[in-house]
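Some notes on the structure that comes next.
The values are calculated or read from the model by the stated rules, or taken from the named source; none is laboratory data. Values in this document were obtained by computation on a predicted structure and should not be read as measured data. Counting neighbours? That spans all protein chains shown, and the Cβs are built from the backbone with ideal geometry, glycine included. In case anyone asks, the SASA skips ligands and DNA or RNA and just uses the protein heavy atoms, side chains included. Shrake-Rupley method; radii C 1.70, N 1.55, O 1.52, S 1.80 Å.
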Amino acid sequence: MEIKINSTTLSLIRGDITQEETEAIVNAANSRLAGGGGVDGAIHRAGGPKIMEECRKIGGCPTGSAIITAGGNLKARYVIHTVGPVYRDGKNREAGLLSSAYKKSLELAVSKGIKSIAFPSISTGAYGYPINEASEIALKTVIDFIKTEVGAQAAPLQLVRFVLFSDKDLKVYEESLKEITGKP
Ligand code: AR6
């Protein structure tokens, strides 16, 4: 599924983000940038040890923030590492922190002149964020960012892609996007 917002394409696909050819891919990291399972493990495995070397030098990243490294052996030139919240009960600023993780990643991408970026579904694996809610926050944040911030850039972001790991997750994101845009 794909929609256009001004001149930026927002697309939802099922796939493995380590295979993406966007200029940057986003990693769902932890605040120590220590690596782990899930998409974080997959990105470090596919990208090789150079990414972890850079992460060690940077040292850490607070929840809701983002840092950038080179992409090592990945097709993507950059990896933007962001840290989503651990979901507890929804009353611990989880929504704001999740939105911030997407927004800071996009801001970092734009500041580097990156034109295409792929996101996984941040926080909905090990961190336990219910995907129905998380997908709505993710999509609303991205759409809002494109509408308010991308237009003003000289070399704007052309593509934002969500790479969902299962058909089920893709369906949830598609339903959320339909609801947000009000289109069938
Ligand atoms: N491509 C795309 N999506 C993937 C891939 C992949 N190759 N592999 C997994 N996913 P998670 P979190 C999906 O747990 O919830 C790590 O240990 C997965 O199905 O990777 O933010 C970190 O070090 C799920 O939908 O990230 C942190 O400690 C989504 O990616 C912690 O987990 C996110 O699941 C972060 O937890």
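Got at least one residue in the range 118-131 being within 16 Å of the ligand (Cβ to nearest atom) and in a helix (DSSP H, G or I)? Yes: the range 118-131 contains one or more residues that are within 16 Å of the ligand (Cβ to nearest atom) and in a helix (DSSP H, G or I). Of the residues making up the range 134-160, not one is surrounded by fewer than 21 Cβ atoms within 10 Å (Cβ to Cβ) and within 13 Å of the ligand (Cβ to nearest atom). Of the strands (runs of 3 or more DSSP E) lying entirely inside the range 1-54, those containing at least 1 residues that are surrounded by fewer than 14 Cβ atoms within 10 Å (Cβ to Cβ) are 2-5.
Residue count for the range 57-85, restricted to those that are among the hydrophobic types (A, V, I, L, M, F, W, C), closer than 16 Å to residue 47 by Cα and either in a helix (DSSP H, G or I) or open to solvent by 30 Å² or more (accessible area, probe 1.4 Å) (or both): 2. Scanning the range 108-119 for residues that are open to solvent by 10 Å² or more (accessible area, probe 1.4 Å) and touching a residue at least 40 places away in the same chain (Cβ under 8 Å) gives 108, 110, 112, 113, 115, 116.
Residue 108 meets each of the listed conditions (1) away from the ligand (no atom under 16 Å from the Cβ); (2) closer than 23 Å to residue 36 by Cβ; (3) among the aliphatic types (A, V, I, L, M); (4) not in a helix (DSSP H, G or I) apart from (4). Summed over the range 86-105, the residues that are open to solvent by less than 10 Å² (accessible area, probe 1.4 Å) and more than 9 Å from the ligand (Cβ to nearest atom) give a count of 4. Contact annotation: residue pairs with Cβ atoms under 6 Å, 6 or more positions apart or on different chains, pairing a residue in the range 124-146 that is under 18 Å from residue 89 (Cβ atoms) with a partner that is more than 11 Å from the ligand (Cβ to nearest atom), are 136/176; 137/95; 137/99. The condition of being in contact with a Ser or Thr (Cβ under 7 Å, 6 or more places away or on another chain) and without any contact (Cβ under 8 Å) to a residue 40 or more places away in the chain holds for only one of 74, 97, that being 97. Within the range 56-98, the set of residues being in contact with a strand residue (DSSP E or B) (Cβ under 6 Å, 6 or more places away or on another chain) and of a type outside the set (Gly, Ala, Ser) comprises 58, 61, 67, 68, 69, 78, 79, 80, 81, 82.
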